[in-house]
Amino acid sequence: MPSEITPDVVRHLASLARIGLTDQEVQRLTGELGVIVESVAKVTEVATPDVPATSHPIPLGTVMRPDEVGLTLTNEQALSGAPDAQDGQFKVSSILGEEQ
């Protein structure tokens with residue numbers, strides 16, 4: 001089966017993407033893209049109506065655990081390692097150029 005990807009196709013795609021390619025890169029990408037197109041074609045051959053469509057090969061489930069109340073830091077403990085604190089909160093430098 002001849003590949004649908006030719007050097008001219010690669011050059012055209014590169015121009016659409018505004019990517020400058022050398023002749024060596026065009027040749028390499030022609031082969032690589034040809035392999036990708038052939039691989040997709042093989043998948044479409046086996047994707048028949050009796051094969052269910054999947055988005056992931058392994059069923060996904062939630063990995064969240066239930067919330068449980070536990071021991072937490074006091075406000076003083078949380079702020080104890082802060083370089084600067086004010087009114088029970090972390091004090092940080094302005095990042096939006098506002099006057100301090």
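The values are calculated or read from the model by the stated rules, or taken from the named source; none is laboratory data. On a predicted model such as this, the values are computed, not experimentally measured, just so you know. Neighbour counts are summed over all protein chains in view; Cβ atoms, including those assigned to glycine, are modelled from backbone coordinates with ideal geometry.
In region 86-100, how many are modelled with pLDDT of 80 or more and either under 37 Å from the mean Cα position of the chain (by Cα) or of a type in the set (D, E, K, R) (or both)?
Number of matching residues: 6.
With the checklist (1) exposed (fewer than 10 other Cβ atoms within 10 Å of the Cβ); (2) outside any loop (DSSP other than H, G, I, E, B) in hand, flag the one item P66 doesn't pass.
If we test P66 against (1) exposed (fewer than 10 other Cβ atoms within 10 Å of the Cβ); (2) outside any loop (DSSP other than H, G, I, E, B), just (2) comes out false.
Could you list, ordered by first residue, the pairs with Cβ atoms under 7 Å in which the first is in region 71-100 and at positive phi and the second is surrounded by 10 or more Cβ atoms within 10 Å (Cβ to Cβ) and modelled with pLDDT of 90 or more, at least 6 apart or interchain?
Close Cβ pairs (under 7 Å, with a partner that is surrounded by 10 or more Cβ atoms within 10 Å (Cβ to Cβ) and modelled with pLDDT of 90 or more) amount to G88/N75.
Across region 69-90, which residue is surrounded by the most Cβ atoms within 10 Å (Cβ to Cβ) among those that are of a type outside the set (A, V, I, L, M) and in a helix (DSSP H, G or I)?
Filtering first and then ranking leaves N75.
Please verify whether D8 is loosely packed, with under 10 Cβ neighbours inside 10 Å and either out of contact with any helix residue (DSSP H, G or I) (no Cβ under 7 Å at 6 or more places or on another chain) or not in a helix (DSSP H, G or I) (or both), treating the condition exactly as stated.
no
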